[in-house]
DNA sequence: CAGTGAGCGAGCTTCCGCTTGACTT
């Protein structure tokens, strides 16, 4: 019989710890929380001191039953969940649900998974910290109250199945506000002047210390430069240094994997989970930048042997993040000496990123030399400035440099010639170019996570799910935007004469950025109007302070909740008692041909344009907005475009040929069948009858389901991933060498035979 | 899922934080 049962949160952790403890210990995992508030009603007894109604989650019944059995057989149960608010609550729920006797129960904690840390923990057990547990209960109850009282208001006032919550509603608000900033942004242009100089035996670039408003002013200056002398006025040389970034937390890993590897937030987390489960990295949901002493010394070894002693610098980083709980280490390789790992390519890439970041964090500063050269223009108050930077010692830069979000930085290593005051330089060309100011950047998934973390909203385990929730609710949409073109003016001074002209500049392209939808904006405005407290960016930080007071034993959790709920609930009641639902309507103008009123509205199925007013006796026509349009920015001409589809091209084989745009993009409809148009190939507004018929006949040969008379029940079907074989309740993938259109029954039976072994 | 948009009403939806499976082709 096992004498000791140790319960941790994660099965991978359990596996590792088993190796450190003797045979008299059995280590099991709770798989996170085992109980939660009941989902029937609120799960909270408001009138009875907010008593929570906890139930074992259905998917955890099996785990709990197993733990219960093992606990009854053990002489001591060690509750080894994480040392933070949630971990303490997990320990408490386990003690409650497994009905553990206090005299045979111990609470232990450790921050690193090493033999030493664990044996030390076992030597100094403590009791469950009820204050910390109460802080968690307050957090849980507040989130439930907010989520389950606000969401139904939205169902009633706006649209069914919507949701609101302390975290998600603020995340959406960030996106909405940023989009409005962008709409309101008035871009302006200025002329910047760049000179290519020669001096000290080298060619180098410098920029004028002023920007001109018009091409005329810029040209006048270039004309002045024709006969000017350019004299070095001042040379400054300053030493500088750069320091490495701390090792990864969940949030910084998501950001860098997005910037450097183009991974989505959820993709990064899936890959990291897999690396963690195979023992290659430490835990991937963490807000700590701390490294264990073991990791520090391993990093020191790696740096010294790979790069030399002078590259090594041991550093302990401090976590600055608001509300960080630091139950884990930073994300790092389990074995620092492994520069690479086996496995799928994306996992290898993510591992390499983690390795580089962790190792670089333990490397020396880079030493640089910055130089600035001031150049006077004779008979002018303006001057040119050349800036250069030389790396004297690369240090950590040898391995890794953190990327930045906006890619406008022109920071490249430029070496300036050695020049001294009074020397004269000459130009090969001087150019004035029109440069537009750039609106604030839209968020992508990872930069939104960064912002949420800065505000202390959400936790490492919820960043990825939050991002996917707000997209599932269709509050925001992740999209690309093609670049637009505009003309920019320039003037060029070369070989003693000035020419003017314009050239085309591409701008405004976006990749995987988050855009608010019409519903997202409407819901945000509605919540802002009626529940400004919940929507305040400081709301989470304010209540976190109160949770801390509860955790320190200086505040009663039910009193805290009561103080919040009284106000909140009365606002909920008064909002519900208001009769009117939230409507949105905006007039776009009148139809240029028919003179009908054009309106944009939000209905049960989202945003649409209405053409014609029922009150004026006409029958209105309707068209949905496209995915990338929204009620606030759509223009009259864009709205008119929407009515150009569907187009009726005529009759083919006794059925009409219709071109339209549906949920999955443009399509041809014929004989009640829909065929998607290829994105780049066919424009739905221009496509001809002949081309449409061509597409229809191409598609006609593609006929599924296929079945065989000799074998009823066997079918070749077309699914989400292409054709497959369905037989006796099972599905089989069709290997590449077969043609699903023409393959015979024997081929199918062969495939089934080959795959029925598994 | 390939459209819809009146109005009514039944029955459903929903939160945040801990964790991985079990479905699949």
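The values are calculated or read from the model by the stated rules, or taken from the named source; none is laboratory data. All figures in this text were calculated on a predicted structure; none of them were measured in a lab. For neighbour counting, all protein chains shown are included, and Cβ atoms are generated from backbone atoms with ideal geometry for every residue, glycine included.
Overview of results
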quantity: Residue check for residue A:120: more than 16 Å from DNA strand B (Cβ to nearest atom) and within 25 Å of residue A:566 (Cβ to Cβ); calculated: no
quantity: Options A:183, A:163; residue that is within 16 Å of DNA strand B (Cβ to nearest atom), touching a residue at least 24 places away in the same chain (Cβ under 8 Å) and either assigned to a strand (DSSP E or B) or surrounded by fewer than 21 Cβ atoms within 10 Å (Cβ to Cβ) (or both); calculated: A:163
quantity: Conditions (1) part of a loop (DSSP other than H, G, I, E, B); (2) surrounded by 19 or more Cβ atoms within 10 Å (Cβ to Cβ); (3) within 27 Å of the chain's Cα centre (by Cα): number failed by residue A:318; calculated: (2)
quantity: Test: residue A:396 is farther than 15 Å from residue A:235 by Cα, modelled with pLDDT of 95 or more and touching a strand residue (DSSP E or B) at 6+ places or on another chain (Cβ under 9 Å); calculated: yes
quantity: Residue A:479 being away from DNA strand B (no atom under 16 Å from the Cβ), within 17 Å of the chain's Cα centre (by Cα), surrounded by 13 or more Cβ atoms within 10 Å (Cβ to Cβ) and outside any loop (DSSP other than H, G, I, E, B); calculated: yes
quantity: Residue among A:513, A:601 that is under 29 Å from residue A:642 (Cβ atoms), more than 14 Å from DNA strand B (Cβ to nearest atom), touching a residue at least 12 places away in the same chain (Cβ under 8 Å) and not in a helix (DSSP H, G or I); calculated: A:513
quantity: Matching residues in region A:292-315 - criterion: being part of a loop (DSSP other than H, G, I, E, B) and at pLDDT below 95; calculated: A:292
quantity: Residue satisfying all of: in region A:487-496; surrounded by 10 or more Cβ atoms within 10 Å (Cβ to Cβ) and touching a residue at least 24 places away in the same chain (Cβ under 8 Å); farthest from residue A:601 (Cα to Cα) among these; calculated: A:494
quantity: Answer from A:415, A:391 - the residue that is modelled with pLDDT under 95 and closer than 24 Å to residue A:230 by Cα; calculated: A:415
quantity: Scan of region A:202-245 for residues that are within 30 Å of residue A:299 (Cβ to Cβ) and either part of a strand (DSSP E or B) or at pLDDT below 95 (or both), ordered by number; calculated: A:239, A:240, A:241, A:242
quantity: Single condition residue A:373 does not satisfy, out of (1) at pLDDT below 95; (2) crowded, with 20+ Cβ neighbours inside 10 Å; (3) out of contact with any helix residue (DSSP H, G or I) (no Cβ under 9 Å at 6 or more places or on another chain); calculated: (1)
quantity: Search result, residues across region A:317-357 that are under 30 Å from residue A:544 (Cα atoms) and modelled with pLDDT of 95 or more; calculated: A:317, A:330, A:331, A:332
quantity: Failed condition for residue A:640, given (1) more than 12 Å from DNA strand B (Cβ to nearest atom); (2) under 32 Å from the mean Cα position of the chain (by Cα); (3) under 23 Å from residue A:688 (Cα atoms); calculated: (2)
quantity: Number of the exception - residue A:113 against (1) buried (at least 17 other Cβ atoms within 10 Å of the Cβ); (2) under 24 Å from residue A:288 (Cα atoms); (3) more than 16 Å from DNA strand B (Cβ to nearest atom); calculated: (3)
quantity: Count of residues meeting criterion [modelled with pLDDT under 85 and outside any strand (DSSP E or B)] in region A:640-655; calculated: 8
quantity: Residues being modelled with pLDDT under 75 and either within 12 Å of residue A:715 (Cβ to Cβ) or surrounded by fewer than 10 Cβ atoms within 10 Å (Cβ to Cβ) (or both) - total across region A:733-747; calculated: 4
quantity: Selected residue (criterion: farthest from the chain's Cα centre (by Cα)) from residues of region A:457-476 that are at pLDDT 95 or above, surrounded by fewer than 18 Cβ atoms within 10 Å (Cβ to Cβ) and in a loop (DSSP other than H, G, I, E, B); calculated: A:461
quantity: Odd one out for residue A:151 among (1) within 10 Å of DNA strand B (Cβ to nearest atom); (2) touching a residue at least 24 places away in the same chain (Cβ under 8 Å); (3) out of contact with any strand residue (DSSP E or B) (no Cβ under 6 Å at 6 or more places or on another chain); calculated: (2)
